[in-house]
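Structure first, commentary second.
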Amino acid sequence: MISVEVSNLSVSINSSTVLKGVSFSLREGEIVLVTGPCGSGKSTLLKVLAGVIPYMYTRFSVTGFVRIFGLSPWEAAEKGFVAYVPQDINTFFIGSRVCEELELLELSPNGFAQLCDRLLEELSDGELYRLLTYVAMSSGAKLLLLDEPASHMDVETLVNVLELLSRAAREEGASVIIADHRAEELKSYVDVVVELGVERKSSGKNLIKTSVNCCEQGFAAYVKNLVLSIGDRVLFKGLSFAVAKNAVLGVFGRSGAGKSTLLKVLAGIVPYSTGIVYVEKPVFYIPQKPLYWFSTGSVSGELSLYANLFGKRHEVGEVLEQFHLQHLASRNPYTLSVGEARRLAMALAYIASPKLLLFDEPLLGLDKSSEELLTELIEGVEKGCGSVIIASHSKKLIKLVDSYLEISPGGEVKFSA
Amino acid sequence: MFLRERCRVLSFRISLALLILTSLLVFALPVKLLLLVAIAITMLFLYVAGFEQLFTIVKHFALFVAPLAIASLFFQIAAGFLNLLLLAITITRIYTLYTVSIIVVKCFSAKELLSLSRGLGPKFFTAILLALKLMHYSALLLNDVRDVYRVNLGYLCRKRFLCRVMLFVVWVRAFVQLFTVKALEVGEAMYTRYRGLIGVERGR
């Protein structure tokens, strides 16, 4: 039986087209991967199927035919047929702690025993995504919509979740639509692939023209005997490491290991009681939460603000081009996709030219060409005698770093050069 | 943890009942008994939160009430009917309500409030619950945005007053924009995740 039918679907906002003429259908028990570059409309498609566009976000104009189990998305959602996990998971919860939230939703806390008493706002990105996926799967919905699971979860958790989704599809006839640009990691689990948009070609230009080989010697950051606990959870016990000037350090580990917390310690956001932390300033911090933290009404306005603050007024046009943001110049940053918002954040970091760039989950929402931009940004900061610390659950970035820390839950840390 | 355990003894439901009862008592009881109510609420606060927190709330209360009390005193003198007893009674009433409200906040449980809402009319209680959660949510959001701006731009103008004012405006603007988006996300979450709580049947 056909569960989802989409024919000639087009979506636009303020005369800018997000989706044009999308058609596909899905049968019960099938898993579809919707893939495409940043800003190709993957999240918008999921929001249309979840019924939130245009019923909640009324500024969107939607044309075409969409039926879910023969109903409009709104009716299907009203009947509880659809469950949706958004890409920006720092969302609203009624409960305060994991088990309280699950109890409210009348779900068993199985599989969340270790996180049971943890505050929801203290969960890592991966843990939160796993929780939301579990809530969606247990809701009894016939259509599960997941936005960018591969960006949020480490490999082991992702495989685990994909197997559960496959089982729900096989045994219970649930239909699953996953929107993700990491097609390679997900292809073996899906029945159909729907491609949206066209991948941009890399400009082939190097971002930063300066090639300075006379960087001062010394450390951009060092940590000695750092002990850090949150509640009764030990994150680091006697952590020590150093990052040389003009070097890149990777911080890897599974979801919830403490990667983001370590970056926050370095940024001076999270206080610590024991140990020494030195960081060369100025620092630029690109957080994972919140993903959006912009203050002006347009992408070019945001870049101009930073260019003014850092005395680089003449660079705005160039930066727009370098970070593939020209076509988004007049868009409100809060209407950008996560990948586009991350590109804007990278552009702001580039303007700020920090001594130390702290980048939390740089791959979040980035497609292949944006990943190349990331590589160029990191190389650019290095060439400008700056240093970079990136935290990620994906070891894909290992090729970009000079040395890395591998954090295990429980505070064990392995340092490799 | 210790605080939460003590709050478990005094459930949210009881603390809410206590707030309603105290709100009535402070206005209905004779003045001599008002002092007893204030002492009883203080003792209860000591039990729930400990001495250190009592000291903190009294300090905050004093900062909040002192200007009002002084203004009221001047007004009484100017109007020619100085009545210190009336002023003391008003301050005691405000203090009692303030302390009992903090007890309720400390014992807050979304689960209990939701079960109460089922019994006492869902819309009213859902609105209160959402208002409380939104306040908490926006406080966290404000903190996150402030942290990002403090790290990335905070060092730019340490001593220049105008520059600092401009940066303050920048992060307030960021917070307002982000808060608007997050408010929409609250609607999205209610619609996509909490439909079951408001009575929609499950599909599969």
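The values are calculated or read from the model by the stated rules, or taken from the named source; none is laboratory data. Source: prediction; values computed, not measured. For neighbour counting, all protein chains shown are included, and Cβ atoms are generated from backbone atoms with ideal geometry for every residue, glycine included. Accessible surface areas use protein heavy atoms only, side chains included; no ligands, DNA or RNA. Shrake-Rupley method; radii C 1.70, N 1.55, O 1.52, S 1.80 Å.
Listing for the model above:
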item: Matching strands (runs of 3 or more DSSP E) fully within the stretch A:376-417 where at least 1 residues are touching a Gly at 6+ places or on another chain (Cβ under 8 Å), modelled with pLDDT of 85 or more and of a type in the set (Phe, Trp, Tyr); result: A:403-407
item: Filtered residues of the stretch A:314-335 (kept if open to solvent by 10 Å² or more (accessible area, probe 1.4 Å) and β-branched (Val, Ile, Thr)); result: A:Val316, A:Thr335
item: Residue identified as closer than 22 Å to B:Arg193 by Cα and assigned to a strand (DSSP E or B) among A:Val52, A:Val4; result: A:Val4
item: Count of the stretch A:81-124 residues which are within 15 Å of A:Pro149 (Cβ to Cβ), modelled with pLDDT of 85 or more and more than 8 Å from chain B (Cβ to nearest Cβ); result: 3
item: Count of the stretch A:45-60 residues which are surrounded by 23 or more Cβ atoms within 10 Å (Cβ to Cβ) and not small (Gly, Ala, Ser); result: 7
item: Residue among A:Leu144, A:Leu131, A:Leu107 that alone is out of contact with any Lys or Arg (no Cβ under 9 Å at 6 or more places or on another chain), open to solvent by less than 50 Å² (accessible area, probe 1.4 Å), in contact (Cβ under 8 Å) with a residue 40 or more places away in the chain and not polar (S, T, N, Q); result: A:Leu144
item: Elements of type helices (runs of 4 or more DSSP H) in the stretch A:132-196, at least 1 residues being small (Gly, Ala, Ser), over 24 Å from A:Ala257 (Cα atoms) and within 14 Å of another protein chain (Cβ to nearest Cβ); result: A:155-172
item: Residues within the stretch A:61-76 that are out of contact with any Phe, Trp or Tyr (no Cβ under 7 Å at 6 or more places or on another chain), within 12 Å of chain B (Cβ to nearest Cβ) and surrounded by 18 or more Cβ atoms within 10 Å (Cβ to Cβ), tallied; result: 1
item: Qualifying residue in the stretch B:124-144 (condition: facing chain A (nearest Cβ under 8 Å), in a helix (DSSP H, G or I) and more than 22 Å from B:Gly187 (Cα to Cα)); result: no
item: Qualifying residue in the stretch A:343-350 (condition: out of contact with any Cys (no Cβ under 8 Å at 6 or more places or on another chain), without any contact (Cβ under 8 Å) to a residue 60 or more places away in the chain, crowded, with 21+ Cβ neighbours inside 10 Å and among the small types (Gly, Ala, Ser)); result: yes
item: Filter result for A:Ala220 (among the hydrophobic types (A, V, I, L, M, F, W, C), in contact (Cβ under 8 Å) with a residue 40 or more places away in the chain, closer than 26 Å to B:Arg146 by Cβ and touching a helix residue (DSSP H, G or I) at 6+ places or on another chain (Cβ under 7 Å)); result: no
item: Among residues of the stretch A:401-417, those that are crowded, with 19+ Cβ neighbours inside 10 Å and under 23 Å from the mean Cα position of the chain (by Cα), counted; result: 4
item: Criterion violated by A:Ala242 - all others in (1) in contact with a helix residue (DSSP H, G or I) (Cβ under 6 Å, 6 or more places away or on another chain); (2) more than 10 Å from chain B (Cβ to nearest Cβ); (3) assigned to a strand (DSSP E or B) satisfied; result: (1)
item: Subset of the stretch B:159-184 that is of a type in the set (Lys, Arg) and facing chain A (nearest Cβ under 9 Å) - its residue that is most open to solvent (accessible area, probe 1.4 Å); result: B:Arg173
item: Residue under evaluation B:Thr42, criteria (1) surrounded by 12 or more Cβ atoms within 10 Å (Cβ to Cβ); (2) at pLDDT below 80, criterion not met; result: (2)
item: The listed residue being charged (D, E, K, R) and open to solvent by less than 20 Å² (accessible area, probe 1.4 Å), out of A:Glu122, A:Glu101; result: A:Glu101
item: Residues within the stretch A:267-313 that are open to solvent by 10 Å² or more (accessible area, probe 1.4 Å), in contact (Cβ under 8 Å) with a residue 40 or more places away in the chain and of a type in the set (D, E, K, R), tallied; result: 3
item: Residues located in the stretch A:205-236, provided they are at pLDDT below 85, closer than 26 Å to A:Leu123 by Cα and either outside any strand (DSSP E or B) or open to solvent by 80 Å² or more (accessible area, probe 1.4 Å) (or both); result: A:Gly231, A:Asp232
item: Single residue of A:Glu318, A:Glu280 found to be acidic (Asp, Glu) and away from every other protein chain (no Cβ under 13 Å); result: A:Glu318
